[in-house]
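First comes the structure, then the notes that go with it.
The values are calculated or read from the model by the stated rules, or taken from the named source; none is laboratory data. Source: prediction; values computed, not measured. Here Cβ is always computed from backbone atoms with ideal geometry, including for glycine, and neighbour counts include all displayed protein chains. In case anyone asks, the SASA skips ligands and DNA or RNA and just uses the protein heavy atoms, side chains included. Shrake-Rupley method; radii C 1.70, N 1.55, O 1.52, S 1.80 Å.
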Amino acid sequence: SPGDEELALWAQPLPCEDGASLPTPRRVELPCSPDGPLAIDLEGDRAWAVCSKAPALVTVEGLTSDAPEVSRAVLGAVPGLTDLAYEPISGTLWAASPTVAGGRLRRLALDDEPAWTIHAPGVRHLAVGRSRDGGTDAGRLYAAGDTGLWRVDTDTELVWADTLEHPVLDLAVGDAVQEIVLLQDVDGVPTLRSAFDVDHVTAVRAGALRVALV
């Protein structure tokens, strides 16, 4: 809630009936207005929120504890963030900005790891997956924007890209069907399209997506 400078948490499924009232959430006070994207690490009990006016990245540790720890870090050189995604295998937090140098993916520094950027024209949306090779899991990041789709091996660099015919509105990585699903604007009509990567991909549990697969 940007107006109240807080993060609202629900521990139970939300009602989906028309006109249904939301249950009372548990609230975590933040040091600034979280008006940007949000990323959640469910396994690590953490969340990150962007405050654009500062600009700052707020980290909440211990989401489910009685006294979550909240910290704030200056967020530089990444204006106009449109999405955040956390990849838990490498412990990497990614940010998408379509306005920086024509579009950039930025690996944000966590635990004093170095930050670096990848050029991705018009990138706006992120989704996290993983590959399995010889029993070892490796993290993957998928990004989309305008008419481009990219895959990033999160410990190396941009390794796969495709040009799409229609603008991308959102994307998600499937689990059971091993599929990348895109929500695209096809002549003004929101349309679901799917694309298979060349590798075996499985989804990591997501935070909040407008398109989501289980």
Q) Among (1) under 16 Å from the mean Cα position of the chain (by Cα); (2) part of a loop (DSSP other than H, G, I, E, B), where does K53 come up short? A) (1)
Q: Hey, can you tell me all the residues within the range 56-85 that are within 16 Å of the chain's Cα centre (by Cα), at pLDDT 85 or above and closer than 13 Å to L108 by Cα?
A: L57, V58, T59, L81, D83, L84, A85
**Q.** Residues located in the range 154-165, provided they are modelled with pLDDT under 75 and either open to solvent by 10 Å² or more (accessible area, probe 1.4 Å) or of a type outside the set (S, T, N, Q) (or both)
**A.** D155, T156, E157, L158, V159
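For L81, are the conditions met, namely being open to solvent by less than 40 Å² (accessible area, probe 1.4 Å) and within 22 Å of R124 (Cβ to Cβ)? Break it down into steps so the answer makes sense when it comes.
On the way: open to solvent by less than 40 Å² (accessible area, probe 1.4 Å): yes; within 22 Å of R124 (Cβ to Cβ): yes.
Yes; evaluated as a whole, the condition is true for this residue.
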Q: Can you work out which of the residues in the range 20-50 that are over 27 Å from G129 (Cα atoms) and not in a loop (DSSP other than H, G, I, E, B) is least open to solvent (accessible area, probe 1.4 Å)?
A: V28
